[in-house]
Amino acid sequence: MDNVAPLLGKPDCPYCGGVGFLRVDVPVGHQKFGRLEPCVCRANEIAENARQRLYEMSNLERLSHLTFANFNSSGNPKAEFVSPQEVASLRDALDASEHFAKTLTGWLLLEGSYGCGKTHLAAAIANECVQRGVPTLFITVPDLLDSLRFAYADPETTFEERFETIRTADLLVMDDFGTQNATPWAQEKLFQIINARYINKLPTVITTNLILDEVESRIRSRLQDAEFVKYIRITAPDFRRPTETSNPGISMLSLSHIKDLSFGNFETRDDEVGKEIVTTITKERQDRYGRPVKDKEIVREKVTVQHIKRLHEALDAAVHFAEGPNGWLVILGGSHSGKTHLAAAVGNYRLLLGGQAILAEVSTLLDYLKATFRPNSDVTFDRRSYEIRTTPLLMLDDLKESGISSVWAEDKLHQILNHRYYASLPTVITSTLDPESFAKSYPSLWNKLLDTSKCQICVIDMPPYRKSAKGKKAAAKKK
């Protein structure tokens, strides 16, 4: 007896009689003329095969433990400091991911630094959709590109088939977008995938550690479609390095001493009127050969009513600014006059209310930006600069006269301040420079600060603080 080919369809199918394929009745010249098409009786089998093929490409088995239920939206409990704003970004990302998994409408873009939870949420979306039977492809972008390259030499598939599978997957999750080798070929294939899915409105999730300015322009324009793409930026610290903040080593607000500074424990020194304060100051000059020489000078000064008045004015201005950060606050005064205390109190107050703030010494901030150029840095200069420029509240402590730092450093500082001024982002600056010296060092910035509708300048000209005896009365807490 001759061998009979096995039936691929259902034996009782009224259309194909069990063959599993049909020839479409179309005129000559039609793209489907002469081609065999799968019969409808094989729809479930074909769909299941497609789901299984995508699942195998996704390698989701090793990520099957990542779910919405075990995502910690409060941040890593081992972290030394997680601000309320950072926690809020995690919860927003979780809510957006759960909503996307249920509706599968539009796109979801999750942006954040390494280890902030992006991949966990993306895998949770994929796992939930796979359980519902949705053909889902979860793949890192480098692996996606490798898969396409290998398809050229794969005897079981063609490049076109593999490319079409990725472009048309019911749900595509692209993890680590931006870590791929950005060759012209890679950029073009990524654009073709993203463009096809954008035009056909196919559900897509993208995670990236890039900021949008770093993304190729054609792709960026599609990701910036606010009506179609839900964009969430996660600012939480790295779960794998819990001892670091989202800006490791830069914000002083996480330091134990600085965290204790508040308006409630700021001393207004009312009982020091008439008291003589002896201070040793160091002045730098050049000798007749042009070499720097430091001279020490003893200064005796009595605390006056006007000193106390201006200190109160600075305190009141800082409290008012903290209650509703708007515009800029500049506090000028000598060393140990209370400037840093007031700036820290502003930042700590905003953190308690659920805001986000960075307090950084200017010289430390510039070194922090320079560190991104080290060979072992895992963060780009653009990202760090972006974080500083756009942080909701930036407080720059101890701005020194110009000419001390390098031209590069002063140029970057100018860019940060210029951006924040024109973007109307709340900013606090403290400096030991007096108004005249400030104007000479930073004439362009000083002219901006003179706009009283946007800026307030406070001058604390009283002698420096000295440690007080135990039981010294602190200023009443301002609310």
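Where a number appears in this text, it was derived from the coordinates with a stated rule and is not lab data. Computed from a prediction, not measured in an experiment: that's the story for all the values here. Note: ideal-geometry Cβ built from the backbone for every residue, glycine included; neighbour counts use all protein chains shown.
Observations on the model:
- Each residue of segment 62-67 is assigned a 3J(HN,Hα), and the resulting list reads 6, 10, 5, 7, 8, 9 Hz, derived from the Karplus form 6.51 cos²θ - 1.76 cosθ + 1.60 (θ = phi - 60°), x at Gly and Pro.
- 3J(HN,Hα) from dihedral phi, segment 375-389, Karplus parametrisation 6.51/-1.76/1.60, rounded to Hz, x for glycine, proline: x, 8, 6, 9, 10, 7, 4, 4, 5, 4, 4, 4, 4, 6, 4
- Applying 1/(1 + (r/R0)^6) with r as the Cβ-Cβ distance of Asp225 and Glu401 and R0 = 56 angstrom yields a FRET efficiency of 0.75.
- Net length gained if the chain between Arg374 and Asp143 were fully extended (0.36 nm per residue, minus Cα distance): 80.4 nm
- Annotation: amide H-H contacts under 5 Å for Gly178 (H modelled 1.01 Å from N, sequence separation of 5 or more, or interchain): none.
- Of the cross-linked pairs Lys370/Lys440; Lys339/Lys448; Lys259/Lys302, those separated by over 23 Å at the C-alpha level are Lys370/Lys440; Lys259/Lys302.
- Approximate spin-label separation Gln192-Arg35, in nm, with each point projected 7 Å along Cα-to-Cβ: 1.8
- For Val173, the residues 5 or more places off, or on other chains, whose built amide H falls under 5 Å of its own are Leu137, Phe138, Ile139, Val205.
- Across segment 71-77, rounded Karplus estimates of 3J(HN,Hα) from the backbone phi angles (6.51 cos²θ - 1.76 cosθ + 1.60, θ = phi - 60°) give 7, 8, 7, 9, x, 5, x Hz, Gly and Pro being marked x.
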